[in-house]
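Heads up: the structure comes next, in structure tokens.
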């Protein structure tokens with residue numbers, strides 16, 4: 001693994017990973033004999049090239065291969081594997097961002113539901129208070145001799161208004 005901090009080691013790939021990427025699983029193949037392992041300096045150079053541009057044009061691939069003294073196919077495979085790791089890291093970051101946003105939205109929803117429940121309770125209390133006040137007014141109207149039919153219609157209108 002690279003020398004340095006654990007964080008640096010996570011950002012870059014190890015020499016063993018480079019070997020795995022290039023060689024594959026068939027240890028006895030003749031293709032393996034023709035390919036050379038990348039050195040730490042070569043990997044650093046490839047990382048720097050990758051950070052400049054994720055895509056690898058044929059001319060750039062040939063130039064990098066010539067500068068490193070490796071086959072262009074080896075450079076292309078390294079870039080392809082590195083892009084796959086980069087994409088996975090991006091997906092993980094996107095997931096974390098979305099998860100955080102989701103949690104914030106859920107807390108806001110929970111808060112809104114609590115406010116709604118409190119408003120419903122307050123509304124019930126007000127309905128009860130209005131009902132008590134209406135009973136007082138009806139009894140006063142009856143004292144003054146107001147028609148019961150009129151009170152019934154008035155009660156209906158008030159209840160419709162409150163609903």
Legend entry - Some residue of the stretch 56-72 being assigned to a helix (DSSP H, G or I), surrounded by 13 or more Cβ atoms within 10 Å (Cβ to Cβ) and under 31 Å from the mean Cα position of the chain (by Cα): no
Pairs returned, first residue in the stretch 55-83 that is without any contact (Cβ under 8 Å) to a residue 12 or more places away in the chain and on the phi < 0 side of the Ramachandran plot, second residue that is surrounded by fewer than 16 Cβ atoms within 10 Å (Cβ to Cβ) and assigned to a loop (DSSP other than H, G, I, E, B), beta-carbon separation under 7 angstrom, 6 or more apart or interchain, are 65/71
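Rule-based calculations on the coordinates, nothing more; no lab input. The structure presented is a predicted model; accordingly, all values stated were derived computationally and were not measured. Every residue, glycine as well, gets a Cβ built from its backbone with ideal geometry; the counts of neighbours run over all protein chains shown.
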